[in-house]
Amino acid sequence: MHADLLFHGGPTIGDPAATTLAVSGGRILAVGRDEVRDLAGPRTEVIDLRGRPLLPGFQDAHIHAVMGGVELGQCDLTGTTDLDEYLRRIAGYAAAHPDAEWIVGGGWAMEVFPGGVPDRAVLDRVVPDRPVYLINRDHHAAWVNSRALELAGITADTPDPESGRIDRAADGTPVGALQEGAMDLVKVPHTTADERLAGLLRAQELLHSYGITAWQDAMVCATNGYDDISDAYLRAARENLLTATVAGALWWDRDRGAEQIPDLVDKRRAHTVGRLRCSTVKLMLDGIAENFTAAMTQPYRDACGHVTSNRGLSFIDPLELPAYVTELDLLGFQTHFHALGDRAVRDALTAIEAARRANGHRDTRPHLAHLQVVHPDDVPRFARLGATANMQPYWAVHEPQMDELTIPFLDPALAGWQYPFGDLHRAGARLAGGSDWPVSTPEPLQGIHVAVNRVHHGDHAAGFLPAQALDAGTAIAAYTAGSAYVNHLDDTGWLRPGYRADLVVLDRDILAAPPAEIGDASVALTFVDGKRVHTAPDA
C-alpha cells in the first residue's frame, strides 16, 4: 500500500524517536523513521518538515465557536483596554451600519471601568438614538445605553431578577451594566440562520488556522436568553460544510428540572449528523468571580475588605443536581459543568459521585470547565471519580481583572487556590484544554504558553501561583489527547497507526524551545482526515 501523504524530516511529538509519518485513506498508516519512506508512491504527496514538529491536531474542550464567529462580524471591542478606542470602534461601527436597528457586539474588559461597571452615559455620547448592547469579554454582563434600557422598560423600580443584578446608582437608577440573568431583560433581536451559519464557517476557518481540528461547543440548543445556534451546525453537517469534528453540548434549561430530560434525548437524536454529535449536556452551575456570582464556600469581601453575606449564586439547585446527573449518566449522556467557584466545583463532583454510586463507573466522561477556585479537599476527587479537569489556562495570570477585581474580594485562602492545574495533575486528574472563546483567545499555543509559564506571552509580570504550572509536554497532551478523550474521539489525539490523520505542523519545536518562547510558535499546516484545511502564508 502506498501512502497518500508522507511527512519526513522532523520530530513527531508523542514519539520523539520517530521522524516520518505516512497517511492513507485519511488514517495514519505508519509512524517511524526512514523505513516509512518506502511507503511513498508515484502519487504520494511528500512534505519535508525541515525540522518542524508534527503533532496531533489540537482540540478545544470548551468553546463557543458559532458565537465567536458571529461576534467577529459585529462591533468588536476585543484586543484593547482603552476606553477611547472602544468609543471609536462603536462610533465607527454605527456609522458603517446606518440601517442597523441595534448596535450589538462585545469584548470589553471589566478593568477599563471603575469597579468593573460601565456607564450608559458614555455610550449615549456616541450612539444616542439607537439601542446599544455590548457583552463583556466574559459574556456574563452587558453594557447598554439609555435607549436600550428605555426599550426594555428598566427603571429604578425594576427588581433584580433572581439570577442576576442590575447595577445602579445610589438612587436606584440603572447605570447601564446588567449582570448575569439581568442581561435577559433586554430583548436583543436574535441573529438570523444565515448569520449563524456564516459565523460558524468564519470560526471554523480561524480555528483551523490555529491547528484546531475538533472541538466541543459548550452551548448548543441553548435557552435562558441565549441564541440557539444548533441550526448552524445541522446545516453545515448536512451540507458537508463542516470540516472539523464537533461534539455539541446540549444546554440544561435552568428554569426546568428533570422533566426536560426526554427533550434532551430527542435533541441528541436530532442533532447527531455527519461530523456533529450531541451526546453531552451542559450544566451551568454558577457565574464568575468578578461580579461575585461564582459559587464559593467562603463569602466575598467588599471594597473595604469586610466580609459580606454573599457566597455567589447556584443556578441549579445543588440538592436536585445529583438526581439530574444520575439520570443523564444512566441515559449515556456526558455531563459538562460550568463550575468556577469552589462550591460549584464541589457540587459538580458530588453529583458525579452520586451517579457513579447509582450507575457504576460508566464511560460517560464527565468534565468540569473553568475551575477558577478548587478547594484542596476536592482535588483528589477528580481522579477518583474519573472527572476530567477542563482547564482554560489563559486566565491563570496576573492582570487587572485578577489583581484589582478578583483577589481583593476573595477570601484569602480561596485566592490562593485558583487554577490549580499543577495540583490536579499531580493528584492524577486527567486534564483537557479549552479556551471558552470568544471569552479569550482560541489559540492553543497561547493557552499552552500560560499553562507552562503562568503569564501571558510577552508579559513580564510575575507568574501567577507558579507552583501550579505544567510542563510543556503535559500542557500539549491536555490540548490533544486530553481533549480528544473528553470529546469521545478515541481515534484522535495521538500519532498512532490506525488513528485519524488530524495533524498539525508547527513552525518550531516548542518542546526544545525555552518555556518563555512557547508563545512565539505558530501553526504552519493543519490537516483533517489527511486533507489540508490550513496553510500559513510562509509555510
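The values are calculated or read from the model by the stated rules, or taken from the named source; none is laboratory data. Nothing here was measured: the structure is a model prediction, and the numbers come from that model. Methodologically, a virtual Cβ is constructed for each residue, glycine included, from the backbone with ideal geometry; neighbour enumeration extends over all protein chains shown.
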Elements of type helices (runs of 4 or more DSSP H) contained in the range 440-531, each with 1 or more residues being in contact with a Pro (Cβ under 7 Å, 6 or more places away or on another chain) and among the β-branched types (Val, Ile, Thr): 444-453
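Does Arg381 qualify as being surrounded by 18 or more Cβ atoms within 10 Å (Cβ to Cβ) and either touching a residue at least 40 places away in the same chain (Cβ under 8 Å) or assigned to a loop (DSSP other than H, G, I, E, B) (or both)?
Details: surrounded by 18 or more Cβ atoms within 10 Å (Cβ to Cβ): yes; either touching a residue at least 40 places away in the same chain (Cβ under 8 Å) or assigned to a loop (DSSP other than H, G, I, E, B) (or both): no.
No; evaluated as a whole, the condition is false for this residue.
So that you can scan it fast, the table gives a plain yes or no per residue for (1) touching a residue at least 60 places away in the same chain (Cβ under 8 Å); (2) more than 18 Å from the chain's Cα centre (by Cα); (3) more than 15 Å from Gly211 (Cβ to Cβ):
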residue: Ser435; (1), (2), (3): yes, no, no
residue: Ala461; (1), (2), (3): yes, yes, yes
residue: Ala475; (1), (2), (3): yes, no, no
residue: Tyr485; (1), (2), (3): yes, no, yes
residue: Trp494; (1), (2), (3): yes, yes, yes
residue: Pro497; (1), (2), (3): yes, yes, yes
residue: Leu506; (1), (2), (3): yes, yes, no
residue: Val528; (1), (2), (3): yes, yes, no
residue: Thr535; (1), (2), (3): no, yes, no
Name the single residue that is nearest to Leu385 (Cα to Cα) among those in the range 319-329 being out of contact with any Lys or Arg (no Cβ under 8 Å at 6 or more places or on another chain) and not β-branched (Val, Ile, Thr). Pro322
Here is a check on your reading of the model: is Asp317 among the acidic types (Asp, Glu), surrounded by fewer than 24 Cβ atoms within 10 Å (Cβ to Cβ) and assigned by TED's automatic domain parsing to the domain that holds Phe382? yes
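Table: residues versus (1) crowded, with 22+ Cβ neighbours inside 10 Å; (2) of a type in the set (D, E, K, R); (3) within 23 Å of Asp436 (Cβ to Cβ).
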| site | (1), (2), (3) |
| --- | --- |
| Arg343 | yes, yes, yes |
| Ala351 | yes, no, yes |
| Ala354 | no, no, no |
| His367 | yes, no, yes |
| Val374 | yes, no, yes |
| Thr388 | yes, no, yes |
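Based on this model, can you work out whether Gly68 counts as crowded, with 19+ Cβ neighbours inside 10 Å, outside any loop (DSSP other than H, G, I, E, B) and not assigned by TED's automatic domain parsing to the domain that holds Thr335?
Details: crowded, with 19+ Cβ neighbours inside 10 Å: yes; outside any loop (DSSP other than H, G, I, E, B): yes; not assigned by TED's automatic domain parsing to the domain that holds Thr335: yes.
The answer is yes for Gly68.
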So, in the range 351-364, how many residues would count as being among the acidic types (Asp, Glu) and in a helix (DSSP H, G or I)? 1
Criterion (of a type in the set (D, E, K, R), farther than 30 Å from Ala94 by Cα and not assigned by TED's automatic domain parsing to the domain that holds Val528) met by exactly one of Glu195, Glu239, Glu205, Glu150: Glu239
Only one of (1) part of a loop (DSSP other than H, G, I, E, B); (2) touching a Leu at 6+ places or on another chain (Cβ under 8 Å); (3) modelled with pLDDT under 95; (4) not acidic (Asp, Glu) fails for Ala100. Which number is that? (2)
Over the range 186-220, the set of residues among the polar types (S, T, N, Q) and either buried (at least 19 other Cβ atoms within 10 Å of the Cβ) or not in a helix (DSSP H, G or I) (or both) is Thr191, Thr192, Gln204, Thr213, Gln216
Mind listing whichever residues of the range 117-137 are outside any strand (DSSP E or B), surrounded by 23 or more Cβ atoms within 10 Å (Cβ to Cβ) and either within 28 Å of the chain's Cα centre (by Cα) or assigned by TED's automatic domain parsing to the domain that holds Trp395 (or both)? Pro118
Tell me whether the range 212-231 contains one or more residues that are at pLDDT 95 or above and among the acidic types (Asp, Glu). yes
Checked the range 389-439 for anything in contact with a Pro (Cβ under 7 Å, 6 or more places away or on another chain) and not in a loop (DSSP other than H, G, I, E, B); matches are Phe421, Gly433
Enumeration of residues in the range 33-62 that are surrounded by fewer than 18 Cβ atoms within 10 Å (Cβ to Cβ) and either outside the structural domain of Leu503 (by TED's automatic domain parsing) or assigned to a strand (DSSP E or B) (or both): Glu45, Val46, Asp48
